[in-house]
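The values are calculated or read from the model by the stated rules, or taken from the named source; none is laboratory data. From a predicted model like this one, the values you see are computed outputs, not experimental measurements. When we count neighbours, we look across all protein chains shown, and the Cβ atoms used for this are built from the backbone with ideal geometry, even at glycine. For accessibility, only protein heavy atoms count, side chains too; no ligands or nucleic acids. Shrake-Rupley method; radii C 1.70, N 1.55, O 1.52, S 1.80 Å.
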Amino acid sequence: MIRSMLGIIDATTHMEDLEELTAHRTLAALPIGGRYRLIDFVLSNMVNSGIGSVAIFPKYQYRSLMDHLGSGKNWDLDRKRDGLFFFPASMDDANTSGIGSFNHFSANMDYFQRSKQEYALVANCFTVFNMNFTPVLERHLDSGCDITEITNNGSSLEIYLIKKSKLIELIHSRDDKGYTCMKDVVIDINNQLKICEYEYNGYAEKINSISSYYHVSKDILKPKVWNQLFIKERPIFTKVKDEPPTRYTSTGEVKNSMIANGCVIEGDITNSIISRAVKVGKGSSLKNCIIMQKCTIGENCHLDSVILDKDVTVESGTVMTGTATSPFVVRKGTVQGALMNS
Amino acid sequence: MGKKRCVAMLLAGGKGSRLYSLTKSLAKPAIPFGGKYRIIDFTLSNCSNSGIETVGVLTQYQPLVLNSYIGIGSAWDLDRVNGGVTVLPPYSESSEVKWYTGTASAIFQNQNYLSQYDPEYVLILSGDHIYKMNYEEMLEYHISKQADASISVIQVGWEDASRFGIMNTNKDMDIIEFEEKPKHPKNNLASMGIYIFKWKVLKELLEEDNLNKNSSHDFGKDIIPLLIEKQKKVVAYPFKGYWKDVGTVQSLWEANMDLLDETSNLNISDYNWRIYTVNPNHPPQYISNDALVKESMVNEGCIISGNLEKSIVFQGVTVGKGTIIRSSVIMPDAKIGNNVYIEKAIVPSDITIPDGMVIKPNKDVDEVVLVTEEMVNEMIS
């Protein structure tokens, strides 16, 4: 029975408030937690819930997403039967307001019709959580609902479980009924369907702005949250890299921080998340920072409440300061000089 | 199978008895090294980086971990349509299993594997050394010297020379004499246990050696002397760079410490010569408010709440509050309690060190401590 769900991930979402971090990449591929991309959470949850066939529906800037997912091997989804599927939208597709565009699905009906799974889990790509979907299916079967919507603290997580034949019906009748996506169906009080809610009690946060991205990143540093997200039996899978372990020298001090592999840490780091292959020079201090892959920070730099996107170079002596509600965001691949901000 | 110019045979059956409890349940090449790797990763990565894509790995002693670790070789990019990695355990011929009695007999018994690739050259490697070497350069040297066999050699200190197989050469680097652990060495060029042979020549020698009842079927003891005796052209290939045989607790610890020494030649961060490994999936390491990490290497999946100094910490290790770890190697998934003191020690995988335990070398001998379950049990009782 656990094999009877399809995993459908809507990776078309674009958030205006995240423009600085998503200009070069789709939201699903946004780096988070030092070594992950946003999509890793929902994708790993699906795999850990026994889902063996996952379809990803991307639209914008999905090169980095494809590079990240590859054949799906890291999620054990490079399979002869089922596995990982990729269905990019055509660019002239109209945007929908919610998760699970029926137009986008209808262009790929073969996938729904050919697969043997009876149920489909339609999910967004931007929620940070570690959740088992198996009990959702059990409840769905017991309760005889048409659609089960997963909620957290009473508000929708925009993840829906539906019988596949019902989903196909909705896709076919989308023009008659005026539904563009799953959300349209659920919020229509005249939908004549039995809609149920499944309340998830664990940690689950949606990333929809720089401030929520920053807030969730800081959450990950709390052991209480960390313990709910990184569970040995239900790992969050990601693309693994051949980086050596991180090296600490005698000159730095690190407190309350998460550090990925391949870094060389010669400075002080507090309350920060440091991604893979980052270099932090002598005499520098980083507080409340999110530093993405392969950034190089020179000597005697002072960064507080800063988000550095990938491949940023910070020249020695640079000072950058943001605030807890509005962190200083530096775009991918740029060079930050000491004189620029003085 | 397509013809291959050069096939590597990696000897990975070593028991490593001088590593005591570390090799109780796994072969020496599978021992964790450098915070993330296993010893054999260095040799397999060298193969991959040198463009040697066909590698037979000969396993025998405690092969379970090693066999499943190597798998189809994808971690080293050695899962190939033609060639790639093949694990070669001993197998039974007619009624009895023929164990590999020596390094040479292991190759002899796998002639069929080699023949299917019809190679011109065979590269013999050992899975228990830490070094980075371009085998392609050695092969070019072997070809340019028109040698029957080439032996990679490294200069060792004169005081250490009597611990190695020493090659005495003429000025053209032809080997004229081989002395196994000589009391009075005439030279300080030690064999690294890396050989390239013309396959035709090696095949003949192996057949002859196999019939010799007095032979121990070992490359160093039997095959090399036989080559010299038959006046084959045997040349020394001088290697410069980091190379260490990690056959003892002391040398294993030293090689780990060399990673922390910026003046040592052992660089594992070179993107042009990556050391590949099977990457376990762990979250980033978490360094807590109570931790102080200095001059150390730490891998993913660790939760560090104590002090680390000059130490190597593998994936999945937890270190409790008030704990001090100095000049030590902590292997994967070890759980170190609170207020523990560890100095100059190797802590094996999966072990739990109880709160307050003190581990340090005996003052008189100052030997590296290899922590064992027995030591922990003694502490608890």
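Below are the figures for this structure:
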| read-out | value |
| --- | --- |
| Residue that is hydrophobic (A, V, I, L, M, F, W, C) and at positive phi, where the choices are B:M173, B:M133, B:M167, B:M138 | B:M173 |
| Cross-chain or 6+ apart pairs with Cβ under 8 Å, segment B:363-381 first and under 13 Å from B:V249 (Cα atoms), then assigned to a loop (DSSP other than H, G, I, E, B) and not charged (D, E, K, R) | B:E367/B:P361; B:V368/B:P361; B:V369/B:P361; B:L370/B:P348; B:V371/B:P348; B:V371/B:I351; B:T372/B:P348 |
| Strands (runs of 3 or more DSSP E) contained in segment B:120-194 and holding at least 2 residues surrounded by fewer than 17 Cβ atoms within 10 Å (Cβ to Cβ) | B:175-180 |
| Selected residue [within 14 Å of chain B (Cβ to nearest Cβ) and touching a Leu at 6+ places or on another chain (Cβ under 9 Å)] from A:V122, A:V47 | A:V47 |
| Residue tally, condition of a type in the set (K, R) and within 10 Å of the chain's Cα centre (by Cα), over segment B:30-48 | 1 |
| Counted residues, segment B:44-78 - those being assigned to a helix (DSSP H, G or I) and open to solvent by 40 Å² or more (accessible area, probe 1.4 Å) | 7 |
| From the options A:G178, A:G202, residue that is in contact with a helix residue (DSSP H, G or I) (Cβ under 7 Å, 6 or more places away or on another chain) and of a type in the set (G, A, S) | A:G202 |
| Filtered residue count, segment A:245-270, keeping only those that are touching a strand residue (DSSP E or B) at 6+ places or on another chain (Cβ under 6 Å) and open to solvent by less than 10 Å² (accessible area, probe 1.4 Å) | 13 |
| Any pair with Cβ under 7 angstrom, 6 or more apart, that starts in segment B:25-37 at a residue that is more than 14 Å from every other protein chain (Cβ to nearest Cβ) and under 19 Å from B:V57 (Cβ atoms) and ends at one that is open to solvent by less than 10 Å² (accessible area, probe 1.4 Å) and in a loop (DSSP other than H, G, I, E, B) | B:A27/B:A12; B:A27/B:T59; B:K28/B:I39; B:P29/B:A12; B:P29/B:I39; B:P29/B:G127; B:I31/B:I39 |
| All positions within segment B:312-365 that are small (G, A, S) and closer than 18 Å to B:P284 by Cα | B:G316, B:G320, B:A334 |
| Residues of segment B:305-318 satisfying the condition of being over 28 Å from the mean Cα position of the chain (by Cα) and either surrounded by 21 or more Cβ atoms within 10 Å (Cβ to Cβ) or at pLDDT below 95 (or both) | B:G306 |
| Residue in segment A:307-325 that is within 30 Å of B:D41 (Cα to Cα) and in contact (Cβ under 8 Å) with a residue 60 or more places away in the chain present | yes |
| Members of segment A:191-225 found to be farther than 19 Å from A:R37 by Cβ and within 14 Å of another protein chain (Cβ to nearest Cβ), listed by number | A:K222, A:P223, A:K224 |
| Output for segment B:257-304, where each listed residue is open to solvent by less than 20 Å² (accessible area, probe 1.4 Å), more than 8 Å from every other protein chain (Cβ to nearest Cβ) and either touching a residue at least 60 places away in the same chain (Cβ under 8 Å) or not in a strand (DSSP E or B) (or both) | B:L259, B:L266, B:G301, B:C302 |
| Selection status of B:S216, within 28 Å of B:N112 (Cβ to Cβ), open to solvent by 20 Å² or more (accessible area, probe 1.4 Å), touching a residue at least 24 places away in the same chain (Cβ under 8 Å) and among the small types (G, A, S) | yes |
| Strands (runs of 3 or more DSSP E) enclosed by segment A:226-330 - at least 1 residues per element that are more than 14 Å from chain B (Cβ to nearest Cβ), out of contact with any Lys or Arg (no Cβ under 8 Å at 6 or more places or on another chain) and β-branched (V, I, T) | A:306-308, A:319-321, A:328-330 |
| Residue ID - farthest from the other protein chains (Cβ to nearest Cβ), chosen from residues in segment A:12-27 that are in a helix (DSSP H, G or I) and either open to solvent by 10 Å² or more (accessible area, probe 1.4 Å) or farther than 26 Å from A:N288 by Cβ (or both) | A:E16 |
| Hits in segment A:197-225 - residues which are in a loop (DSSP other than H, G, I, E, B) and more than 30 Å from B:Y276 (Cα to Cα) | A:Y200, A:N201, A:G202, A:Y203, A:I207, A:N208, A:S209, A:K222 |
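Residue by residue, here is whether (1) acidic (D, E); (2) surrounded by fewer than 18 Cβ atoms within 10 Å (Cβ to Cβ); (3) free of Cβ contacts under 8 Å to residues at least 24 places away in the same chain holds:
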| position | (1), (2), (3) |
| --- | --- |
| A:G154 | no, yes, no |
| A:D175 | yes, yes, yes |
| A:E199 | yes, yes, no |
| A:K206 | no, no, no |
| A:I210 | no, no, no |
| A:Y213 | no, no, no |
| A:F237 | no, no, no |
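For (1) within 14 Å of chain B (Cβ to nearest Cβ); (2) touching a helix residue (DSSP H, G or I) at 6+ places or on another chain (Cβ under 6 Å); (3) part of a helix (DSSP H, G or I), each residue gets a yes or a no:
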| residue | (1), (2), (3) |
| --- | --- |
| A:D10 | no, no, no |
| A:F41 | yes, no, yes |
| A:A55 | no, yes, no |
| A:S64 | no, yes, yes |
| A:S71 | yes, no, no |
| A:H104 | no, no, yes |
